[in-house]
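Comments concern the structure below.
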Amino acid sequence: MQRFSHSLLIALLIALLIASWAILLSGCSQTPLLDPKGPIGSAERLVILVAIALMLIVVIPVAVMTVLFPWKYRATNSKAVYTPKWSSSMRLELIVWLVPAAIVTVLAILVWTSTRRLDPYKPIDVDVRPIRVQVVSLDWKWLFIYPEEKIASVNQLVFPARVPVSFTLTSDTVMTSFFIPRLGSQIYAMGGMQTRLHLLADEPGIYNGQNQQFSGRGYAAMNFKAIATTPDEFDQWVQKVRQSQESLDLARYAALEKPSDRHPITFFSMVAPDLFNRILHKFDHTIPMDSGAGKDALPDAVEMKSSASKEG
């Protein structure tokens, strides 16, 4: 009868753990990291799930023993004889040292290989020419410049699905973090530095983008919509932006960079030449923002700042 009670208790604990895990997984559609819509996000989800599974190798037995041992060795159970041999139990020594060592080793290999394979600077290997987007972090909004289309938008990022997007990022304010959870790979945008990111959406859709780094009063509302469209819809959007009456010259940018909360979506049909590089190097006082100097004209010290962002 006692063995039956113990078996029933263990069975109930296992059923409870399985039910809890099933409940957690049932909400994956509401968890962007576990419901990716791109190859980078899918690869990162696999890393997360494998890491969780490896940690559960320790967590589940400990959770079961936390309930089982006090129940078995309770004061009213006179049949349970407590005779541990802690000083000479080779079995316990092997479990305590080898299991964590194996888990840490597997995690280390997983992190190392995944970090190299999912390097945000590494272009996505597909036979499609990427869309180039220059991203500027402002207080408290996002500016997206399309250098090839010569247009720009605020707080709305549009790109065709199944086409890689090559981002170049910087900040005209404090350090921020650019992140589209369902597409994967957040990366920092820093003043006077340049970082890179490559993403791809598997299917059309509207995905939430956000700043993950606290950046002051308007941080909570520093969000944007990343809209993956069909190629035809993207071309239509480009034509729509080109019809805007707004142009992003240096005077308009000076007004735009001033802090503002919940800035409305804004389109610019024209962008000042080389605006991104002017913003990138405005903190280098040897190159005035209105000098018109392009990247090729910059001193070596400034180039080192840009390359250092990748190492950081």
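The values are calculated or read from the model by the stated rules, or taken from the named source; none is laboratory data. From a predicted model like this one, the values you see are computed outputs, not experimental measurements. Here Cβ is always computed from backbone atoms with ideal geometry, including for glycine, and neighbour counts include all displayed protein chains.
Descriptive notes on the structure:
- Residue within the range 56-64 that is under 25 Å from the mean Cα position of the chain (by Cα), assigned to a helix (DSSP H, G or I) and under 30 Å from residue 184 (Cβ atoms) present: yes
- Hey, residue 250 modelled with pLDDT under 80, in the same structural domain as residue 170 (by TED's automatic domain parsing), more than 27 Å from the chain's Cα centre (by Cα) and of a type outside the set (Lys, Arg) or not: no
- Per the listing 126, 136, the residue uniquely surrounded by 10 or more Cβ atoms within 10 Å (Cβ to Cβ), closer than 30 Å to residue 247 by Cβ and modelled with pLDDT of 90 or more is 136.
For (1) surrounded by 11 or more Cβ atoms within 10 Å (Cβ to Cβ); (2) outside the structural domain of residue 268 (by TED's automatic domain parsing), each residue gets a yes or a no:
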position: 65; (1), (2): yes, yes
position: 68; (1), (2): yes, yes
position: 96; (1), (2): yes, yes
position: 105; (1), (2): no, yes
position: 113; (1), (2): yes, yes
position: 142; (1), (2): yes, no
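- Per the listing 111, 106, 126, 99, the residue uniquely of a type in the set (Val, Ile, Thr) and either within 16 Å of the chain's Cα centre (by Cα) or under 23 Å from residue 152 (Cα atoms) (or both) is 111.
- Residue 173 being among the polar types (S, T, N, Q), in contact with a Leu (Cβ under 9 Å, 6 or more places away or on another chain), closer than 18 Å to residue 273 by Cβ and assigned by TED's automatic domain parsing to the domain that holds residue 235: no
- Some residue of the range 120-138 being under 24 Å from residue 225 (Cα atoms) and acidic (Asp, Glu): no
- In this structure, residue 129 qualifies as over 30 Å from residue 219 (Cβ atoms) and either out of contact with any helix residue (DSSP H, G or I) (no Cβ under 8 Å at 6 or more places or on another chain) or among the basic types (Lys, Arg) (or both).
- In the range 43-55, of all residues being without any contact (Cβ under 8 Å) to a residue 60 or more places away in the chain and surrounded by 14 or more Cβ atoms within 10 Å (Cβ to Cβ), the one that is nearest to residue 166 (Cα to Cα) corresponds to 45.
- Qualifying residue in the range 141-153 (condition: among the small types (Gly, Ala, Ser) and under 22 Å from residue 114 (Cβ atoms)): no
- Checked against the criteria, residue 260 counts as in contact with a Lys or Arg (Cβ under 7 Å, 6 or more places away or on another chain), touching a residue at least 12 places away in the same chain (Cβ under 8 Å) and under 13 Å from residue 139 (Cα atoms).
- Test for residue 197: is it crowded, with 23+ Cβ neighbours inside 10 Å, closer than 21 Å to residue 126 by Cα and outside the structural domain of residue 32 (by TED's automatic domain parsing): yes
- Considering (1) in contact with a helix residue (DSSP H, G or I) (Cβ under 6 Å, 6 or more places away or on another chain); (2) in the same structural domain as residue 214 (by TED's automatic domain parsing), the lone condition that residue 137 does not fulfil carries the number (1).
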